[in-house]
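The values are calculated or read from the model by the stated rules, or taken from the named source; none is laboratory data. Owing to the predicted nature of the structure, the values given are computational and were not obtained by experimental measurement. Methodologically, a virtual Cβ is constructed for each residue, glycine included, from the backbone with ideal geometry; neighbour enumeration extends over all protein chains shown.
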Ligand code: 3HC
């Protein structure tokens, strides 16, 4: 029997302290939730804590956040390598771990055992529909995708995606959690590869890569056109660097595996950069070079 999720006293657990997980957790803490970030790596947690401190310092300096509110949010945020200790009090879990199905299945199975029966288990995955991990959790009706965008502290959209067995109560609670975090969620009724945003982003990127490969224009001019003619906040090459070229490649692989469409196949130029260790902003170089 499904247990109706509670909407009070929410205690949020984020699994995975990468760029997405850490900023999702900070967003929750800023919204007033007692929040824990779990990662197996202590170094990853320490790096996340330092990066979030820098971020909120900037928000305070630019007048976007009161210093007291920043301190209160940091006080609500915990970092832990011990999932057995931090899962039992969680009302809502957002999994933002590596995009590998075997890893995610194991996490959902563990969370199914460790979290209270009312807890909703959401995945931030953009490529794996939650139906792929739902059964492993032992409570499929309380599983859905809750997909945030990079940088998660800033981007307003959250895609909430239901699988065929997701309950209405789970959808309602996830949508209202996103709203209470200051986001504007959209509901996706059916799992499709890439949901909405990554399909749109992928279409633009595909065209940009084809224009570059065909020698039609330089990446700088393609980016300038996207920004100046279409008012995109970033050009497609800049955006690939922000998201991470390894992530772009992973998305293409997962999409291609699901659709089988040759047009969705991983891009050779992106793959070449990944092989050189040029992953975008996070590694200091990708399509462009960045000073850290
Ligand atoms: N982390 C957190 N905050 C950031 C940030 C980051 N990495 N980069 C910028 N910001 C903040 C800045 O601190 C600033 O905040 P402030 O107004 O409080 O000072 C605000 O964002 C605006 O930043 P800037 O003035 O420096 O620069 P821009 O106005 O160019 O904005 C941007 C930066 C918000 C990243 C903007 O360029 C943008 O919206 N780009 C498009 C991002 C996008 O499309 N994301 C979706 C990617 S797809 C995805 O994530 C899905 C996944 O599955 C792959």
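Tabulated data
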{"item": "Residue in region 250-265 that is farthest from the ligand (Cβ to nearest atom), counting only those that are under 15 Å from residue 204 (Cα atoms) and crowded, with 16+ Cβ neighbours inside 10 Å", "result": "264"}
{"item": "Qualifying residue in region 143-150 (condition: surrounded by 21 or more Cβ atoms within 10 Å (Cβ to Cβ) and over 22 Å from residue 100 (Cβ atoms))", "result": "no"}
{"item": "Tally of residues being within 16 Å of the ligand (Cβ to nearest atom) and under 16 Å from residue 92 (Cα atoms) across region 127-139", "result": "1"}
{"item": "Some residue of region 140-160 being within 16 Å of the ligand (Cβ to nearest atom) and farther than 28 Å from residue 108 by Cα", "result": "no"}
{"item": "Only one of 199, 231 that is within 14 Å of the ligand (Cβ to nearest atom) and closer than 30 Å to residue 139 by Cβ", "result": "199"}
{"item": "Number of positions in region 246-270 that are free of Cβ contacts under 8 Å to residues at least 40 places away in the same chain and part of a loop (DSSP other than H, G, I, E, B)", "result": "4"}
{"item": "Helices (runs of 4 or more DSSP H) (entirely within region 135-230) containing at least 1 residues that are in contact with a helix residue (DSSP H, G or I) (Cβ under 8 Å, 6 or more places away or on another chain) and not assigned by TED's automatic domain parsing to the domain that holds residue 59", "result": "197-213, 219-230"}
